[in-house]
Amino acid sequence: MDIALLVRTRARLSALVVQLEVAPFSAQTVAAMRAYLDGEAESARVHFERWVALPKRARDELAVQLRGVER
(Lines give C-alpha, C1' and ligand atoms only; values in the text may rest on other atoms or scores of the structure.)
Protein backbone atom coordinates (compact mmCIF):
# COMPACT_ATOMS: atom_id res chain seq x y z
CA MET A 1 0.00 0.00 0.00
CA ASP A 2 1.32 3.39 -0.99
CA ILE A 3 0.40 5.86 1.75
CA ALA A 4 1.84 8.81 -0.17
CA LEU A 5 -0.38 7.95 -3.14
CA LEU A 6 -3.44 7.92 -0.86
CA VAL A 7 -2.49 11.33 0.56
CA ARG A 8 -2.01 12.75 -2.95
CA THR A 9 -5.29 11.21 -4.06
CA ARG A 10 -7.15 12.79 -1.16
CA ALA A 11 -5.72 16.21 -2.06
CA ARG A 12 -6.55 15.69 -5.74
CA LEU A 13 -10.12 14.68 -4.97
CA SER A 14 -10.54 17.65 -2.65
CA ALA A 15 -9.53 19.94 -5.51
CA LEU A 16 -11.94 18.16 -7.86
CA VAL A 17 -14.77 18.60 -5.34
CA VAL A 18 -14.12 22.34 -5.33
CA GLN A 19 -14.26 22.39 -9.13
CA LEU A 20 -17.52 20.43 -9.06
CA GLU A 21 -19.03 22.89 -6.59
CA VAL A 22 -17.91 25.99 -8.49
CA ALA A 23 -18.33 24.97 -12.12
CA PRO A 24 -19.83 21.48 -12.38
CA PHE A 25 -20.45 21.55 -16.13
CA SER A 26 -17.46 23.52 -17.37
CA ALA A 27 -15.14 21.99 -19.93
CA GLN A 28 -12.26 22.37 -17.48
CA THR A 29 -14.09 20.40 -14.77
CA VAL A 30 -15.07 17.67 -17.22
CA ALA A 31 -11.46 17.43 -18.44
CA ALA A 32 -10.10 17.29 -14.87
CA MET A 33 -12.55 14.52 -13.91
CA ARG A 34 -11.75 12.53 -17.05
CA ALA A 35 -8.02 12.91 -16.45
CA TYR A 36 -8.43 11.64 -12.89
CA LEU A 37 -10.63 8.71 -13.88
CA ASP A 38 -8.44 7.75 -16.85
CA GLY A 39 -5.14 8.12 -15.03
CA GLU A 40 -5.16 7.99 -11.25
CA ALA A 41 -8.41 6.41 -10.15
CA GLU A 42 -7.57 2.74 -10.69
CA SER A 43 -4.30 2.89 -8.77
CA ALA A 44 -5.98 4.84 -5.98
CA ARG A 45 -8.78 2.26 -5.81
CA VAL A 46 -6.30 -0.61 -5.43
CA HIS A 47 -4.39 1.14 -2.66
CA PHE A 48 -7.61 2.18 -0.91
CA GLU A 49 -8.77 -1.44 -0.89
CA ARG A 50 -5.50 -2.38 0.80
CA TRP A 51 -6.03 0.43 3.33
CA VAL A 52 -9.54 -0.80 4.12
CA ALA A 53 -8.22 -4.34 4.57
CA LEU A 54 -5.95 -3.21 7.41
CA PRO A 55 -7.22 -3.73 10.94
CA LYS A 56 -9.12 -0.68 12.19
CA ARG A 57 -6.56 0.00 14.89
CA ALA A 58 -3.73 0.11 12.33
CA ARG A 59 -5.75 2.46 10.10
CA ASP A 60 -6.49 4.73 13.06
CA GLU A 61 -2.81 4.89 14.06
CA LEU A 62 -1.71 5.64 10.50
CA ALA A 63 -4.43 8.28 10.12
CA VAL A 64 -3.11 10.12 13.16
CA GLN A 65 0.40 10.07 11.72
CA LEU A 66 -0.82 11.18 8.29
CA ARG A 67 -2.63 14.22 9.63
CA GLY A 68 0.78 15.77 10.22
CA VAL A 69 1.86 14.95 6.65
CA GLU A 70 -1.17 16.61 5.06
CA ARG A 71 -0.55 19.97 6.66
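The values are calculated or read from the model by the stated rules, or taken from the named source; none is laboratory data. Since the model is a prediction, treat every value here as computed from it, not as a measurement. With ideal geometry, Cβ positions are generated from the backbone for all residues, glycine too; neighbour counts draw on all protein chains shown. Heavy atoms of the whole protein, side chains included, go into the accessibility calculation; ligands, DNA and RNA do not. Shrake-Rupley method; radii C 1.70, N 1.55, O 1.52, S 1.80 Å.
Using 0.36 nm per residue of separation minus the Cα-Cα distance, give me the extension gain between VAL22 and LEU37 in nm, one decimal. All intermediate terms of the calculation are to be shown ahead of the outcome.
Numbers: separation 15, 0.36 × 15 = 5.40 nm, distance 1.95 nm.
The VAL22-LEU37 span can extend by a further 3.4 nm.
Can you tally the net charge around PRO55? Count Lys and Arg as +1, Asp and Glu as -1, for every other residue whose Cβ sits under 15 Å from the Cβ of PRO55. Summing Lys/Arg as +1 and Asp/Glu as -1 gives +1.
What value, in deg cm²/dmol to 500, does the helix sum -39500 (n - 2.57) over DSSP H runs of n ≥ 4 give at 222 nm once divided by the residues of the chain? List each step's numbers first, then the result.
Working: 4 runs with 57 residues, N = 71.
Computed mean residue ellipticity for the chain: -26000 deg cm²/dmol.
Normalised by the residues of the chain, what does the relative contact order come to in percent, with Cα pairs under 8 Å and at least six apart? Can you show the working numbers first?
Details: 23 pairs, mean separation 31.3, N = 71.
Over the chain, the number comes to 44 percent.
Here are some values of P(r) over Cα pairs in 5 Å bins from 0, in percent: [x] 3, 14, 15, 16, 14, 14, 13, 7, 3, 1; [y] 3, 15, 22, 21, 16, 12, 7, 3, 0; [z] 3, 15, 21, 17, 12, 10, 7, 5, 5, 3, 1, 1. Which one was computed from this structure? Only one option fits the structure, namely [y]. Sum up the charges of everything whose Cβ sits under 12 Å from the Cβ of VAL46, counting Lys and Arg as +1 and Asp and Glu as -1, but leave VAL46 out. Combined, the nearby Lys, Arg, Asp and Glu give -2. Using a probe radius of 1.4 angstrom, the carbon and sulfur fraction of the accessible surface of the chain is 60%.
Counting only heavy atoms of protein chains, what accessible area per residue, in Å², does the chain have with a probe of 1.4 Å? Write out the running numbers ahead of the final one.
Numbers: 5300 Å² over 71 residues.
Counting only protein heavy atoms, the per-residue value for the chain is 75 Å².
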